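Novice: Below is one structure. I have some questions about it.
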């Protein structure tokens, strides 16, 4: 039986040839072209873009994301989210996230979330809403208490890790407390990272075989994958 490929739940990188399965997040240029990356594509308006682009440009990005969703070209919406390192755009970020949330619900797609010091904001959103699709907190750097609170409000919250397994002792200590049924791994925008290395580091921290970890993550992926439109 052939081994399962490695699954990268969130990446901005493009590999010329790879046996891995990657959920590729569209760049600004790709979004303009309404271009599907490969088999698994996500698209959204990143909160950082509010600083770099005009309101009219942001609205154009939104229309491109919506068109891709309507045409059935997306596996997920995002990344999108809230980043409190940019407080001057906080209200716009919240409004933009709400739009992405509604789009994900409409098309029954997972939502890939960028969260920087905004755990309380997402808890407040979940207290007011009941999502029907998975929320994937990419590059999760919160603590165990926040993770549990998020899952209590929305059991379909997932937590993805990558570079932090190298550079954060806090995350390495957190990883064994993440339910395996709510775990993903990623490379994000780190071109020097190999997803296989991330799996090895995670399996060492979890004290389990890499093949078992791959099987579990594939189980999670299939469980939340959108139905064909």
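FYI, it's all coordinate maths here, none of it is from the lab. Fair warning: this is a prediction, and the values are worked out from it, not measured in the lab. FYI the Cβ positions are ideal-geometry reconstructions off the backbone, even for glycines, and counts take in every protein chain you see.
Novice: Report P(r) for the stretch 8-224: all Cα-Cα distances, bin width 5 Å, range 0 to the bin holding the largest distance, values in whole percent.
Specialist: Each 5 Å bin holds this share of Cα pairs: 1, 7, 16, 19, 21, 17, 11, 5, 1, 0.
Novice: Specify the residue with the greatest mean-square fluctuation among 186, 79, 204, computed from a Gaussian network of the chain linking alpha-carbon atoms under 10 Å apart.
Specialist: Between 186, 79, 204, it is 204 that shows the largest mean-square fluctuation.
Novice: In nm, what is the difference between 0.36 nm times the number of residues separating residue 66 and residue 4 and their Cα-Cα distance?
Specialist: Residue separation times 0.36 nm, minus the Cα-Cα distance, leaves 19.1 nm.
Novice: Once you order the gyration tensor axes a ≥ b ≥ c over the Cα atoms, which shape class does the stretch 36-137 get: rounded for a/c under 1.5, otherwise prolate or oblate by comparing a/b with b/c?
Specialist: Since a/c reaches 1.5 but b/c is at least a/b, the shape of the stretch 36-137 is classed as oblate.
Novice: Continuing with the same structure: What percent does the relative contact order of the chain come to when contacts are Cα pairs within less than 8 Å and at least six residues apart?
Specialist: 19
Novice: Grab the DSSP H runs of the chain that are 4 residues or longer, score each as -39,500 (n - 2.57), total them, divide by all residues and round the 222 nm result to the nearest 500 deg cm²/dmol.
Specialist: Calculated from helices alone, the mean residue ellipticity at 222 nm is -13000 deg cm²/dmol.
Novice: Tell me, what is the FRET efficiency for residue 98 and residue 207 to the nearest 0.05, using R0 = 45 angstrom and their Cβ-Cβ distance as r?
Specialist: 0.65
Novice: On a C-alpha basis, how far is the centre of the stretch 162-229 from the centre of the stretch 55-130 in Å? Whole number, if you could?
Specialist: Taking the Cα centre of each part, the stretch 162-229 and the stretch 55-130 sit 23 Å apart.
Novice: Hey, quick one: spin label on residue 177, modelled 7 Å out along Cα-Cβ, who in the stretch 131-157 has an amide N within reach, i.e. under 14 Å?
Specialist: It comes to 141-151, nothing else.
Novice: Something else about it: How much length is gained if the chain between residue 130 and residue 32 is pulled fully straight, taking 0.36 nm per residue apart and subtracting their Cα-Cα distance, in nm to one decimal?
Specialist: Difference between extended and current length: 32.1 nm.
Novice: Evaluate the distance, in nm, between pseudo-label points positioned 7 Å from the Cα of residue 73 and of residue 123 along their respective Cα→Cβ axes.
Specialist: Output for this residue pair reads 3.9 nm.
Novice: Given the stretch 8-224, what percent of its DSSP beta bridges are antiparallel, to the nearest 5?
Specialist: Antiparallel: roughly 0 percent of the beta bridges in the stretch 8-224.
Novice: Okay, next question. How far apart, in nm, are two points set 7 Å out from the Cα along the Cα-to-Cβ line at residue 20 and at residue 106?
Specialist: 3.3
Novice: Can you compute the label reach from residue 54? Point 7 Å from Cα along the Cβ direction, backbone N cut-off under 13 Å, restricted to the stretch 70-93.
Specialist: Flagged as within label range: none.
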